[in-house]
Structure formats: C-alpha cells, structure tokens
C-alpha cells in the first residue's frame with residue numbers, strides 16, 4: 001500500500017523521508033548511515049562505536065538518556081550490517097519531537113567516556129587472528145575468486161594489543177557518523193511537511209561527511225565462473241556456495257529473475273530442495289538467494305550436507321541449473337512462485353516497524369519509498385516466457401562459480417579455480 005510521503009535533503013546532506021501512517025500510535029524513526037568495514041584494522045573501533053552510539057551525550061549521561069527514553073515511551077536500538085549502521089527508534093506519537101531532539105543530541109554531542117567503556121572482549125591473543133570457520137573460509141574464497149579482492153572477502157586484521165580508546169571512538173564518529181550520505185525515515189501519523197520541519201530543527205545542526213565507509217564496487221560486475229574445491233579438516237560437514245550473475249533490483253528484468261530464483265531454490269517445493277533433499281538426501285539445508293549491496297549483485301546457492309558429499313552436491317546443483325536454464329520452469333511452477341512472492345511481500349510489511357525498516361533500506365539503496373508495492377505489481381505482470389528467459393540468461397552453469405568445502409576434499413584450490421582466474425584473484429583467498 002502506497003502511503004503519503006514527503007522527501008527532502010537538508011543543508012547538511014541528510015536525506016529525509018517522512019511517511020504518513022494515519023492513526024499510528026507509534027512513530028517509527030530509522031537512521032541509515034554508511035558503515036562498511038572498508039579497512040579490517042578498524043573492526044574493533046567500528047564494533048565498539050556501534051555498541052556505544054546512542055547511550056550518552058555530553059549533556060546526558062547513560063542514566064539521563066535511559067530516563068529520557070523511558071519518559072518518551074521510546075525504544076532505541078542499533079544494528080550493524082556489512083555496509084550500514086541502522087539506528088531505530090520507536091516512540092509514542094506524541095513523543096516524536098522529544099525523540100528527534102534526543103537523537104540530535106546523541107549524534108551532535110556524543111560521549112564516549114573512558115570510565116564508561118566496557119572492558120574489551122579479547123577475541124584472541126594480541127597480534128593473532130582466530131581461525132575462521134569453514135563457512136567463512138568458503139564465502140571469502142567465493143567472493144575473491146568470483147569478483148576479485150574486496151573488503152567483503154578480506155581477512156580480519158590482528159587483534160589490537162590494547163583496548164579501544166575514547167579518542168579513537170570520537171575520531172571514527174566524526175568521520176563515519178555523518179549526515180551527508182545518510183538517510184532518515186520517519187513514519188508517523190503527523191503530516192509529512194510537519195515532520196520535515198521537526199527533523200530540520202533537531203538534526204539540522206548535525207554536520208560532517210560524506211562518509212568514507214562505503215563499500216567499493218566489485219572489480220568485475222559479473223562473477224568469473226569455474227569450479228573451486230577447498231578442504232577444511234574438521235569441518236564436520238560438506239558445504240557448497242555459488243556466485244552467479246544477477247540483475248540488480250533497479251533493473252527491469254529483476255522481477256522475472258526473482259521468480260526464476262524461487263523456482264530454483266527459494267521455497268520448500270523448489271527444484272534444488274526436491275533434488276538434493278528429497279530425492280538424494282544429499283543436503284539438509286538448501287537455499288538460493290539474490291544478494292545485493294553497494295559492491296554489486298549476484299545469485300547465490302548455499303547447501304550443507306554430510307561430510308564427503310561436496311562433489312555430488314556440486315554435480316546435482318549444476319544439473320538443476322542446466323535443466324532450468326535449458327527448459328525453463330513449468331507454467332505451474334511460475335504461478336506457484338508468483339503467489340509465494342506476493343504473499344512474502346505482504347508479510348514483509350506486516351507491522352509498521354518492519355515497514356519502516358524496509359522503506360529506509362529501499363531509500364538508502366537509491367530506490368523510491370514506494371518501491372515494494374510497485375515491485376509486487378511488477379511480479380504480477382511478469383509472464384511465464386519472461387521467467388523462462390531469465391532462467392536461460394542467468395542460470396547457466398557455465399556462468400556460475402561453484403565452490404565447495406569438505407572434510408575429505410583433496411583438490412588444491414588454486415588448481416581447481418577456473419583457468420581464466422588471474423593472479424590478482426588469488427590474493428587474499430581464504431584457505
């Protein structure tokens with residue numbers, strides 16, 4: 001359902017979207033800040049800042065912030081993803097002005113006092129990096145071989161010999177928690193123009209940016225195909241991960257690919273599930289997803305099975321891809337996944353809190369605030385032949401990198417990578 005909204009960019013560069021939700025007892029505030037880990041050495045400071053942001057300012061200590069939040073009938077939380085920091089506030093509608101004032105105080109006048117910093121969590125002995133698990137090893141290898149060295153696939157830097165200091169947190173806040181490049185979405189019953197006035201009043205003094213913590217694009221827009229086999233003694237299971245081409249959400253062909261992906265592995269009756277789980281009992285976890293962020297977009301298949309089954313899983317996945325690409329889905333499959341997708345889009349907006357988070361994410365990705373309702377209409381308009389064309393164009397095994405990791409694998413990863421992989425592709429590959 002499309003809602004009345006207003007959009008503006010403040011003088012400090014903050015993009016603001018006010019969405020009207022008549023009769024809503026709560027106002028939902030979502031602040032999306034670019035926060036990618038572009039330098040592995042900054043991980044400890046980045047993690048600590050995210051945990052401390054929103055807990056105190058120079059005018060309010062932790063207790064005062066907690067008391068003010070309670071007085072407003074508000075809840076405040078912070079979530080960090082691979083590329084963003086999401087600060088969420090849910091507050092009683094009449095408390096919206098106070099919540100925006102509090103948010104502005106925390107952003108403009110943050111306090112990272114040494115005596116309030118929690119004791120550092122030692123992830124490893126100083127100077128050493130803990131061994132990555134098999135899933136992490138496989139994902140780093142796939143991204144590196146498919147797209148080239150990138151922060152998403154980088155290994156973490158050695159743990160610092162000393163705890164994070166308040167000075168480091170202030171420095172990162174000034175550089176990263178900035179309005180230019182950030183998005184603020186407010187969903188409330190108040191008129192959008194009034195909300196924009198409140199935001200301008202309370203967040204207009206916030207300055208800085210643009211942030212440098214933005215994921216760079218992959219070196220290659222399309223993954224380098226091939227077969228990659230890794231061994232990881234003690235993994236306890238066989239894992240498979242692929243990277244195939246995909247259309248971004250802004251592409252007109254994305255809806256058709258979305259439906260083809262659902263036929264492939266997006267629900268309990270998908271082809272991969274029927275083949276790998278029900279027919280051959282090779283995998284106990286099967287999924288196919290469209291991944292997208294500032295780095296790029298790709299189609300990913302992920303499977304997990306018993307040790308020693310990696311090669312069989314890879315062969316079956318290749319067969320399913322080839323059959324679907326060559327023959328296309330059946331009309332019944334297309335209609336089944338169309339209904340599934342329509343229901344899922346409605347479920348994604350089941351509550352106003354979920355809707356606010358989703359809309360903020362759309363705006364941060366450069367999409368319109370009404371993108372999801374429009375996308376639901378696009379899914380309904382996709383023809384069966386268009387889904388078949390998407391399958392033929394994107395699901396060919398020859399365009400996909402298929403990687404596995406297994407306890408019993410004996411093939412060296414550098415020898416099994418596609419012959420077209422360059423020396424640069426090998427840099428930073430997790431082993």
- Query: Computed over the Cα atoms, what is the radius of gyration of the stretch 197-260 divided by 2.2 N^0.38 Å, N being its residue count?
  - Reply: 1.99
- Note on the structure: With no solvent term and unit scatterers on the alpha-carbon positions of the stretch 133-267, Debye gives log₁₀ I(q)/I(0) at q = 0.10, 0.14, 0.16, 0.20 Å⁻¹ of -0.66, -1.03, -1.10, -1.20
- Rounded to the nearest 0.05, what FRET efficiency do residue 59 and residue 368 give with R0 = 41 Å and r taken as the Cβ-Cβ distance? Could you check? 0.65
- Calculated FRET value between residue 292 and residue 220, using beta carbons and R₀ = 25 Å, to 0.05: 0.95
- DSSP beta bridges in the chain: the antiparallel percent, rounded to 5, is 80
- Task: Mind jotting down a quarter of the surface of the convex hull over the alpha carbons of the stretch 267-331, in square nanometres, one decimal?
- Result: 5.4
- Query: What residue among 48, 140, 338 has the largest mean-square fluctuation in a Gaussian network model of the chain, using Cα springs under 10 Å?
  - Reply: 48
- Query: Say R0 is 22 Å: what FRET efficiency, to the nearest 0.05, do residue 132 and residue 47 get from their beta-carbon distance?
  - Reply: 0.85
- What are the radius of gyration and Dmax of the stretch 226-426, computed over its Cα atoms and given in Å? 17.9, 51
- Query: Across the Cα atoms of the stretch 199-337, what radius of gyration and what greatest pairwise Cα-Cα distance (Dmax) are found, in Å?
  - Reply: 19.2, 62
- Task: For the stretch 207-276 and the stretch 291-324, compute the distance between their C-alpha centroids and round to whole Å.
- Result: 9
- Note on the structure: Stretched fully, the stretch from residue 284 through residue 353 gains (0.36 nm per residue minus C-alpha distance, one decimal, in nm) 21.6 nm
- Task: Over the residues of the stretch 186-229, compute the C-alpha Rg and express it relative to 2.2 N^0.38 Å.
- Result: 2.28
- Task: Sticking to Cα atoms, compute the Rg of the chain to one decimal and its Dmax as the biggest Cα-Cα distance, whole number, in Å.
- Result: 23.6, 66
- Those residues of the stretch 10-38 whose amide nitrogen sits under 15 Å from the label point placed on residue 93, 7 Å along Cα→Cβ: 19-29
- For the chain, longest principal axis from Cα atoms; helix 166-176 axis from its Cα atoms; angle between them, nearest 10 degrees, is 70
- Note on the structure: With Cα coordinates, the longest principal axis of the chain makes an angle with the long axis of helix 310-327, in degrees rounded to 10, of 90
- Quick one: angle between helix 254-265 and the longest Cα principal axis of the chain, in degrees between 0 and 90, rounded to 10, please. 60
- Item | Solvent-free Debye scattering, log10 I(q)/I(0), computed from the Cα coordinates of the stretch 1-104 at q = 0.14, 0.17, 0.18 Å⁻¹ | -0.67, -0.94, -1.03
- Please give the calculated 222 nm ellipticity per residue for the chain, where each DSSP H segment of at least 4 residues contributes -39500 (n - 2.57) and the sum is spread over every residue; nearest 500 deg cm²/dmol? -11500 deg cm²/dmol
- Task: Relative to the compact-globule scaling 2.2 N^0.38 Å, provide the ratio for the alpha-carbon radius of gyration of the stretch 51-119.
- Result: 1.11
- Query: Which length gain, in nm to one decimal place, applies between residue 2 and residue 70 when the Cα-Cα distance is subtracted from 0.36 nm times their residue separation?
  - Reply: 21.3 nm
- Percent RCO, i.e. relative contact order, over the chain, from Cα pairs under 8 Å lying at least 6 residues apart: 23
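Each reported figure results from applying straightforward, stated rules to the coordinates on display, with no laboratory input. Predicted model, so just to flag it, every value in this text is computed and none were measured. Counting neighbours? That spans all protein chains shown, and the Cβs are built from the backbone with ideal geometry, glycine included.
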